[in-house]
Ligand SMILES: Nc1ncnc2c1ncn2[C@@H]1O[C@H](COP(=O)(O)OP(=O)(O)O)[C@@H](O)[C@H]1O
Ligand SMILES: [Mg+2]
């Protein structure tokens, strides 16, 4: 029996419990609902909740611990010399045992011991599964039965059901906090382990990045060089190019939409521009690599310039295109928030539209625009797919947009895609980079939101 | 007065220029959109067709199995590769040297032998008979037929050599070469051979991933929004949650991938590359979008409805479930669809949890290794074969079609249920 | 307010008994603990309020109000806008619970039961103290469902036929039956303003409350619709206790038997409606009645 079958069975039991609880409450008052404290359906719901929730909680706990308990038992049964292996090697052996047990392909030749261990593993897992089914089902039936028995006229079923729902609502809302904590912890822990191997100063101020040197673990100096400055510089360069493209176009189109465009034009052009925002970044990446980068390369060649086929320019320009709708919709909000009275004041003096825009509206909207641009910057820094597909891998420290550079996100992807050992500096470096990324985007976002809020309050 | 008039011409010129600048910016934006779409379309539409070659196959009992054999094990062990080769040799008897033969066999996709095997397994009575069947051509041939190979290049730089060219021309004259609708593209999983690869595996993977994502993020997102908007008192704690949600909305997606890697895979020991983990990660990612949209939807329900319900003695929870939620639901659904569209297009976090593996099989559930559409696009975009370029573009077209329909659905929902109080 | 004046109700009753007819303006003797002029007590109270204070955060909106609400009577509450009429009215069925920052102290009893008692469930309370709001707020559902909703959630109907019956009698009592009986399945929001308000009254009646609170129920209606509602209120008095907030003195005079005058969160004067409008005893009441402010 599969776990999903069990869940379906549980759901079936819950429906049954609902039906029985409802019926019992009605029987208690021989159909006169007004003699009950709550509507019959609440008695049904309460019974169903009692039937389902404890069993499901049991399932969750069981499944979370099943793996480690079974593995621990299997390890204990392994020969002593295998048990004494270093943790990484032991893990490999365990992986093979698991694969063998599930009938997948195994990386080494299978010997007697392993076959035994695999059988043991499969058996234990079978027992555990069986026990889980039995335990969960009996718990469901027992709890449902007790809840059913305790139904009475005066029982405050509605209040209890509502309490349970309230608890669900509350815990759902805390998920956002747990996500943040999860991000911080997972990134922070691995980063700390990284900084135990590589000093923070080397990471933040180092001018050379080449994590790929470790071929054999016992080689001398195999830890690679982890100076992140070239990555920061590359990220900065591409972000800068993106902003040079996105800010003027986004801002000017927002101004045109808000101040000049007629209703028809607006209702047509706005959604089309917003299409840009809905296109997945992998599509932009493909577009950059397939169309834009060769275009710049050929253009450069015809002008006698050597443009790399993975130039920062191509990635930056395409990223800029991606960000245009972001900048324009934020600026649009901000410009529309400028009070009409301010415009009228300027027009009243005989100023033209463009003069009003440049000398009254933009200065008034500036904080909001700055906030929006900061949000866009944070977006650009964290953008991954475009740079992974269109920017390079080599960490050049250069300010020349025609050369290839690499970025923080590109390196995270490169370091983590494919097989990884979880202890090598190479893998951990990805987490250190992610920490930097997280902190910077978070800070930018906080500042931007603060500025925008201040700006809004000013005109409210 | 005259002073003002003097500068007037200049000011109007400035005005016109400024206006043109704004219009130019918008047109540039529109130009980008159209350029992107045209580039994708121009590269991709050919992928919906595939070149097929007609072969006169003799189902040779010696190579497959004796006539009358029906045991599937025996049938499937037949030498179908040899059968294809023999058919090709028969078609071009003049080709004799080993090197030339190899080039000749290269014209037909390696998928042909599986197609023939399937045919025989289905109907063993064909053994010993002769039959004309259409088999897919190799991707290089396909590219040639579609005109993607530049014949002006020197032979050594071409994927299709001169004698191959003449064979193909020969077959074309006999009417053995035809472009047909590429069903493989919609029914197959990934493959190393472009002509055998399809998006079904990735599409199904995307479906499972989104299903998990929706199953988690919609109830949790709505519940969180209801809690914050309807139930919770405004205090430090709810402020904290709110700040958190706003910040999560701006965390780069790749960081969510790292979270998934560290928590779901390394801590909870879930397998890599499976839709379950992908869906979990995407759910955490889309949660802020859904919460923010749902709160806006709840805010737009007028307080008088709540008062009315409370006034007749509905409990707060009944007020919410009977009155507020039904009225806010269209808005919540709109937000959720937009969140799902985002999730469908998301790539980076899925790379982190190992959804970049090369997976041929079409996943059968949320625990089977699988790819998703955007990752498939990424993988194909990385492949050197020219034929994968058009398939990448075609996959993008499919993805965009999904996204556009989802967004249209959201717009339609919003329009349909828009309410003015 | 005036703390020195005794808080003992029996003494106050005796004082009242002796005061007779020739009462002058601002007879302090006659006022109760909170400084209210007139008789806050009635012989047969449905609800009794003692020392009610209401705070919105740090700001106090209601000061020390004592008031009885009699059975089968209409009591109207008048006073300048912002004086706390709505706030007080909403205390009577704990609608104020929905405002986070709102805090109520003191005692409000209904049939001897303190409605602010911690263990009390507000749901049955609100079923027995119904409310009609300033702006008609029918649910965006059918007319039938608007009326049927309350009985359904309280489990008042035995079956579908019974519910039909409840809906019909409620609509009849609200004087709306003839107008809507053929379109019960159409949305309640499609009715005219006055009809909507009567629908809301019918909705309140459907759960058989004892008290109906009305917060300026006619302020959004035209004069004809207003007249209909006033007529209705007069009919409803037979079966229900009604507390109505109104900013129209004419309306108060037309529909109510007792009138309470509020000023800056305090209950200034309460008495027979005739007396309040013809011979107010407190200066503030007189100023308001004669239109010197308000
Ligand atoms: N939700 C609220 N939050 C804060 N203050 C309120 C709120 N509702 C009413 N008040 C304040 O309480 C006082 C009384 O208001 P209200 O009872 O609405 O007056 P009325 O109905 O007599 O016009 C006013 O000063 C008002 O500002
Ligand atoms: Mg009021």
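The values are calculated or read from the model by the stated rules, or taken from the named source; none is laboratory data. On a predicted model such as this, the values are computed, not experimentally measured, just so you know. No Cβ is skipped: glycine too gets one built from the backbone with ideal geometry, and neighbour counts run over all protein chains shown.
The residues of segment B:264-273 that are surrounded by fewer than 21 Cβ atoms within 10 Å (Cβ to Cβ) and assigned to a helix (DSSP H, G or I), listed by number, are B:265, B:266, B:267. Taking the criterion of being within 26 Å of residue B:312 (Cβ to Cβ), away from ligand 2 (no atom under 16 Å from the Cβ) and buried (at least 17 other Cβ atoms within 10 Å of the Cβ), the residues of segment C:52-74 that qualify are C:52, C:67, C:68, C:69, C:70, C:73, C:74.
Yes/no per residue for (1) more than 14 Å from every other protein chain (Cβ to nearest Cβ); (2) within 16 Å of ligand 2 (Cβ to nearest atom); (3) over 25 Å from residue C:64 (Cβ atoms); (4) at pLDDT 90 or above:
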| position | (1), (2), (3), (4) |
| --- | --- |
| C:229 | yes, no, yes, yes |
| C:236 | yes, no, yes, yes |
| C:244 | yes, yes, no, yes |
| C:257 | yes, no, no, yes |
| C:271 | yes, no, no, yes |
| C:275 | yes, no, no, yes |
| C:284 | yes, no, no, yes |
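Out of C:157, C:146, one residue alone is in a loop (DSSP other than H, G, I, E, B), without any contact (Cβ under 8 Å) to a residue 60 or more places away in the chain and more than 16 Å from ligand 2 (Cβ to nearest atom). It is C:157. The selection criterion, being closer than 24 Å to residue B:186 by Cβ and either at pLDDT below 85 or not assigned by TED's automatic domain parsing to the domain that holds residue B:400 (or both), holds for residue B:135. Within the option set C:152, C:126, being over 24 Å from the mean Cα position of the chain (by Cα) and either part of a helix (DSSP H, G or I) or more than 18 Å from residue C:212 (Cα to Cα) (or both) holds for one residue only, C:152.
For segment B:205-221, the condition of being part of a helix (DSSP H, G or I), closer than 24 Å to residue A:164 by Cβ, modelled with pLDDT of 90 or more and more than 13 Å from chain A (Cβ to nearest Cβ) holds for at least one residue.
Picking from residues in segment B:149-175 that are touching a helix residue (DSSP H, G or I) at 6+ places or on another chain (Cβ under 8 Å) and not in a helix (DSSP H, G or I), the one that is nearest to residue B:389 (Cα to Cα) is B:149.
Being at pLDDT below 90, in contact with a helix residue (DSSP H, G or I) (Cβ under 7 Å, 6 or more places away or on another chain) and surrounded by 18 or more Cβ atoms within 10 Å (Cβ to Cβ) holds for only one residue in A:105, A:198, A:151, A:183, and it is A:198. For segment A:112-136, the set of residues classified as in contact with a helix residue (DSSP H, G or I) (Cβ under 7 Å, 6 or more places away or on another chain) and touching a residue at least 40 places away in the same chain (Cβ under 8 Å) consists of A:117, A:120, A:121, A:124, A:125, A:128, A:132, A:133, A:135, A:136, listed by residue number. For segment C:120-135, the criterion of being surrounded by fewer than 17 Cβ atoms within 10 Å (Cβ to Cβ), farther than 24 Å from residue C:198 by Cα and away from ligand 1 (no atom under 14 Å from the Cβ) is met by at least one residue. Residues in segment C:76-117 that are more than 15 Å from ligand 1 (Cβ to nearest atom) and under 16 Å from residue C:46 (Cα atoms): C:107, C:108, C:109, C:110, C:111, C:112, C:113, C:114, C:115, C:116. In segment C:200-217, is there at least one residue being under 16 Å from the mean Cα position of the chain (by Cα), part of a loop (DSSP other than H, G, I, E, B), within 14 Å of chain B (Cβ to nearest Cβ) and within 16 Å of ligand 1 (Cβ to nearest atom)? Yes, because at least one residue in segment C:200-217 is under 16 Å from the mean Cα position of the chain (by Cα), part of a loop (DSSP other than H, G, I, E, B), within 14 Å of chain B (Cβ to nearest Cβ) and within 16 Å of ligand 1 (Cβ to nearest atom). Residues in segment C:75-112 that are in contact with a helix residue (DSSP H, G or I) (Cβ under 7 Å, 6 or more places away or on another chain), more than 12 Å from ligand 2 (Cβ to nearest atom) and away from chain B (no Cβ under 12 Å): C:76, C:104, C:108. Among the numbered conditions (1) within 14 Å of another protein chain (Cβ to nearest Cβ); (2) more than 13 Å from the chain's Cα centre (by Cα); (3) within 14 Å of ligand 1 (Cβ to nearest atom), the only one that residue C:288 does not meet is (1).
Checking each residue in segment C:237-250 for being away from ligand 1 (no atom under 16 Å from the Cβ) and touching a strand residue (DSSP E or B) at 6+ places or on another chain (Cβ under 6 Å) picks out C:237, C:240, C:241, C:242.
Residue-by-condition table, conditions (1) assigned to a helix (DSSP H, G or I); (2) surrounded by fewer than 17 Cβ atoms within 10 Å (Cβ to Cβ):
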residue	(1), (2)
A:137	yes, yes
A:140	yes, no
A:145	yes, yes
A:155	no, no
